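Here is the structure we will look at.
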Amino acid sequence: MDLNADLGEGFGRWRLTDDEQLLSVVTSANVACGFHAGDAVTMRRVCALAAERGVRIGAQVSYRDLAGFGRRAMDVPPDELAAEVAYQIGALEVFARAAGAAVAYVKPHGALYNRVVRDGVQARAVVEGVLLAGGGLPLLCLPGSALHRSAGEVGLPVVAEAFADRAYTADGTLVPRTEEGAVLHDPAEVVERSVAIARSGTVTSHGGRPVPVRARSLCVHGDTPGAVELARRVRAALEDAGVRVEAFA
């Protein structure tokens, strides 16, 4: 099982995620590329740290929404979205290569991630942006999503992702953050859920029903309180359960 977290989510003097400590735990780093968070200095620093520690670097692409942290719904024309996705990947690639590594995958963030679960037009625009960036980079996304299908249609690799600290609906999608209980805060519950996902491929939905979740990568959000200690507990529990924790890329 791969363990990923959102990193580089700062801007200027403001920092949200403890990048250095999280990079000692995770195997893949979803690096903000400047549209919802992040800037050139932050991207360069995180890429250097990730490369030094053997952590895979992923481009976390977003709607252009710094003020809303990329979590506000936006209607972006497909051609524009494709260009902006490619732009973000290209920006991060400069710093990844400077660190002796490369961008290994792409993951949408926030409102864009949720939009491409069901919106085929926006999903195809994200896929077009990855292709425009010049490679067949894997897409990290929700299994069964419109993005998952769109990537498969053009032969892009897809990596199914699950969330250790997010509530699920009965149809296997994420409970919107606007609803109470969308984010899990009990460390014991998050750890238990992580092991269940890795070992049995199931998760208990917000309504109490078991939901199949077949995933190759598990996300622990880096912007939640106590994120570093929680990530450490999740990784330790996975390894104690006999799960090999390693990058997918």
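Can you confirm whether His221 is open to solvent by 70 Å² or more (accessible area, probe 1.4 Å), modelled with pLDDT under 85 and within 14 Å of Arg193 (Cβ to Cβ)?
Working: open to solvent by 70 Å² or more (accessible area, probe 1.4 Å): no; modelled with pLDDT under 85: yes; within 14 Å of Arg193 (Cβ to Cβ): yes.
It is false that His221 is open to solvent by 70 Å² or more (accessible area, probe 1.4 Å), modelled with pLDDT under 85 and within 14 Å of Arg193 (Cβ to Cβ).
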Keeping to the range 59-112, report how many residues are outside any helix (DSSP H, G or I) and among the acidic types (Asp, Glu). 2
Mind listing just one residue for me: the one in the range 71-123 that is aromatic (Phe, Trp, Tyr) and closer than 15 Å to Leu137 by Cβ and, of those, least open to solvent (accessible area, probe 1.4 Å)? Tyr105
Take the residues in the range 20-50 that are free of Cβ contacts under 8 Å to residues at least 40 places away in the same chain and of a type in the set (D, E, K, R); name whichever of them is farthest from Leu66 (Cα to Cα). Glu20
Please verify whether the range 71-82 includes one or more residues that are small (Gly, Ala, Ser) and farther than 25 Å from Gly201 by Cα. yes
Out of all the residues in the range 155-185, which are touching an Asp or Glu at 6+ places or on another chain (Cβ under 9 Å) and farther than 20 Å from Ser28 by Cα? Ala167, Val183, Leu184, His185
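Condition check: open to solvent by less than 40 Å² (accessible area, probe 1.4 Å) and touching a helix residue (DSSP H, G or I) at 6+ places or on another chain (Cβ under 8 Å). Does Val191 satisfy that? Please lay out each step first, then the result.
Values: open to solvent by less than 40 Å² (accessible area, probe 1.4 Å): yes; touching a helix residue (DSSP H, G or I) at 6+ places or on another chain (Cβ under 8 Å): yes.
Here the answer is yes, as Val191 does meet what is asked.
Restricting attention to the range 199-214, which residues are touching a helix residue (DSSP H, G or I) at 6+ places or on another chain (Cβ under 8 Å) and either assigned to a strand (DSSP E or B) or at pLDDT 95 or above (or both)? Let's see the steps before the verdict.
Just the residues of the range 199-214 that are touching a helix residue (DSSP H, G or I) at 6+ places or on another chain (Cβ under 8 Å), to begin with: 202-204, 213.
Correct list: Thr202, Val203, Thr204.
Yes or no, residue by residue, for (1) in contact with a helix residue (DSSP H, G or I) (Cβ under 6 Å, 6 or more places away or on another chain); (2) of a type in the set (Ser, Thr, Tyr); (3) closer than 20 Å to Val117 by Cα:
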{"position": "Tyr168", "(1), (2), (3)": "no, yes, yes"}
{"position": "Val220", "(1), (2), (3)": "yes, no, yes"}
{"position": "Ala237", "(1), (2), (3)": "yes, no, no"}
{"position": "Arg244", "(1), (2), (3)": "no, no, no"}
Inside the range 147-174, can you point out the residues that are hydrophobic (A, V, I, L, M, F, W, C) and touching a Lys or Arg at 6+ places or on another chain (Cβ under 7 Å)? Val159, Ala160, Ala164, Ala170, Leu174
What's the total number of residues in the range 12-58 that are open to solvent by 50 Å² or more (accessible area, probe 1.4 Å), in contact with a strand residue (DSSP E or B) (Cβ under 8 Å, 6 or more places away or on another chain) and part of a loop (DSSP other than H, G, I, E, B)? 1
Among residues of the range 224-246, those that are open to solvent by 40 Å² or more (accessible area, probe 1.4 Å), in contact with a strand residue (DSSP E or B) (Cβ under 8 Å, 6 or more places away or on another chain) and either modelled with pLDDT under 95 or not in a loop (DSSP other than H, G, I, E, B) (or both), counted: 1
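The values are calculated or read from the model by the stated rules, or taken from the named source; none is laboratory data. Predicted, not measured: the structure shown is a model, and the values here were computed from it. For neighbour counting, all protein chains shown are included, and Cβ atoms are generated from backbone atoms with ideal geometry for every residue, glycine included. These accessible areas exclude ligands, DNA and RNA; they are computed on the full protein's heavy atoms, side chains included. Shrake-Rupley method; radii C 1.70, N 1.55, O 1.52, S 1.80 Å.
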